[in-house]
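See below for the structure under consideration.
Read-outs: derived from the displayed coordinates by stated rules, not from any lab. A quick note: this is a predicted structure, and the numbers were derived from the prediction, not measured. Ideal geometry is used to build each Cβ from the backbone, glycine not excepted, and the neighbour counts take in all protein chains shown.
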Amino acid sequence: MQYQDVTVYRKKHLLILFTAWIFVQGLLLYKYGILTNNEATKYIREANNLLNHKNFSEQKYIFYSAYIFIHVIFIKLGFEIVGVYIFQLLVNLIATFLFYKTALNVYKNNSVAFIAAFLLVICFSWQYWTVCLYTESFFCSLLIIFTYCLFGINKNQRLKYVYAALVFVMLLFARPAGIFLIPVIICVLVFKLIKLRKIKLAVLCIAVFFTAFICLLLYEMRSASSFNFIKPFVEHNVICDIPDKQINSSVNSYSNNISGVVLYIAQNPINFLRLCGLRLISFWGLTRPYYSEVHNWILRLFFYPIYFFALIKLKQQIKINRYFILYCLVTASVFTISVMLTCDEWSNRFIMPVIPIIIWLASYGFFTMVKRKNSV
């Protein structure tokens, strides 16, 4: 009887979530339509290049190839724009369901899982990318699915790691930012191996994964002129391609490689720290001077409480869900550091992969605080 009550409870939750999801997606489609400008033109062009028996126009598009091949498929089917939109909409829906399932498996609480999924569904800043034929929606959905493979599946441990590996490969070729998951995997895996006292295996994993990360990073840096990692420092960008004229570096030119970045830091430590601080504020602050004041306040009122609830019960969560919280914290840290060492994006695209992670953490904090108040 109790099992039936829980099942009915979950079905009601899923019905509410699905209804809200349809409303949000319908509203976004009605307001914006399917956006095929700016970044989207690149993927449409590259897909047509491939179909015309040409290579990618730049090597960097290898790291977008998973998304470009989706375009190729729907071009062949004869309805590229609508097809790609429907595809990433369905992937978003699957990811939302698996987001709920992951929270349910981690926290063992229906209410926490519902709160988490509902916050993600009504997060317009995150859902907005579904109507854009950019890589963001596909990449962020894959990241949720990857997390589900690691923490949302209890049965058949070996099989879940096979699924996780397959999704990880897709992430590597969905966006260049996919390589940031390599340090995440290193940290979680090494921590687990150390707890099992398999020190030699932990050292081997560090060596293998770290080497792979550096090789991929160097390849990305050489794959296109737009992947210039030293440019944001020399031009003093907080927002990409928008220079900060208040800063003057002592040296005007550096090579676009790791040694060039290290040289800049050594010769301009104050400028480096200032830029990192401003990018950190931009990344997590979300507001922009070119947004309207109403827009900025909507961002503050939605996201800042989520940050608060994500932090208040973090210590308690670490004790209960050690590996999941480690994964969340390292993922958020890696994406943050990546922006601090490069630049932030004008429309907050770069923080989108982190939003589901913060919502997972916040849902538990919100639930426990409400529960405590109700029990007083």
Open item on the list: Where in the chain is the longest stretch that carries no trypsin sites (Lys or Arg not before Pro) classed as loop by DSSP and with at most 11 other Cβ atoms within 10 Å?
Closed with: 246-376
- [ ] Taking only Cα atoms and a 10 Å spring cutoff, compute GNM fluctuations for the chain and point out the largest among VAL162, VAL339, VAL238.
- [x] VAL162
Task: Which of ILE357, LEU329, PHE367, positive extreme of dipole for the stretch 306-375 (C-beta unit charges) - done: PHE367
Open item on the list: Check the chain for me: any Cys whose beta-carbon has no other cysteine beta-carbon within less than 4.7 Å?
Closed with: CYS123, CYS132, CYS140, CYS149, CYS187, CYS205, CYS215, CYS276, CYS328
TODO: Using semi-axes √(5λ) of the Cα gyration tensor in Å as the read-out, say which of (1) 33, 26, 23; (2) 30, 26, 20; (3) 34, 32, 22 was calculated from these coordinates.
DONE: (1)
Task: Under 12 Å from the Cα of LYS54 - aspartates and glutamates, other chains or at least 8 residues apart - done: GLU46
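When the dipole is taken about the Cα centre of the stretch 1-62, and only Lys, Arg (+1) and Asp, Glu (-1) are charged at their Cβ, what size is it in debye, to the nearest 20? Present the calculation step by step, with values, prior to reporting the outcome.
Details: 8 positive and 4 negative charges, 14 e Å.
The calculated dipole for the stretch 1-62 is roughly 60 debye.
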Task: the stretch 291-338: C-alpha gyration tensor shape, a/c 1.5 cut-off, then a/b vs b/c - done: oblate
TODO: Can you pull the one-decimal nm distance between simple spin-label points at ARG45 and ILE86, each 7 Å off the Cα toward Cβ?
DONE: 2.8
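Taking the Cα centre as origin and putting +1 on Lys and Arg beta-carbons and -1 on Asp and Glu beta-carbons, what dipole magnitude results for the stretch 111-235, to the nearest 20 debye? Please list the in-between numbers first.
On the way: 11 positive and 3 negative charges, 156 e Å.
Dipole of the stretch 111-235, to the nearest 20 debye: 740 debye.
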- [ ] Using 0.36 nm per residue of separation minus the Cα-Cα distance, give me the extension gain between PHE302 and LEU166 in nm, one decimal.
- [x] 45.6 nm
Task: For CYS132, residues with placed amide H under 5 Å, excluding near neighbours - done: LEU35
Task: Distance (nanometres) between label positions extended 7 Å along Cα→Cβ at CYS215 and LYS195 - done: 3.0
Open item on the list: Using the crude model of +1 on Lys and Arg Cβ and -1 on Asp and Glu Cβ, and no other charge, please compute the dipole size for the stretch 18-115 relative to its Cα centre, in debye to 20.
Closed with: 120
Open item on the list: Placing +1 on the Cβ of each Lys and Arg and -1 on the Cβ of each Asp and Glu in the chain, which of GLY178, ILE298, CYS149 has its Cα farthest towards the positive end of the resulting dipole?
Closed with: CYS149
Task: Label-point gap, in nm, between LEU27 and ILE281 - each point 7 angstrom along Cα→Cβ - done: 3.1
TODO: Tell me what the chain gives for mean residue ellipticity at 222 nm when only DSSP H runs of n ≥ 4 count, each as -39,500 (n - 2.57), the sum divided by the residue total, rounded to 500 deg cm²/dmol.
DONE: -24000 deg cm²/dmol
Open item on the list: Checking understanding here: applying a Kyte-Doolittle mean of at least 0.5 and a length along the axis of at least 24 Å (C-alpha), which whole DSSP H helices in the chain pass?
Closed with: 80-107, 199-222, 293-312, 322-340, 355-375
- [ ] List, in the order given, every pair from LYS101/LYS192; LYS200/LYS313; LYS198/LYS371 whose Cα-Cα distance in the structure shown is over 31 Å.
- [x] LYS200/LYS313; LYS198/LYS371
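If r is the Cβ-Cβ distance from TYR323 to ILE94 and R0 is 22 Å, what FRET efficiency results, to the nearest 0.05?
E(calc), rounded to 0.05, equals 0.40.
Tell me, what is the FRET efficiency for GLN267 and ILE337 to the nearest 0.05, using R0 = 25 angstrom and their Cβ-Cβ distance as r? All intermediate terms of the calculation are to be shown ahead of the outcome.
Details: r = 21 Å, r/R0 = 0.83.
It comes out at approximately 0.75.
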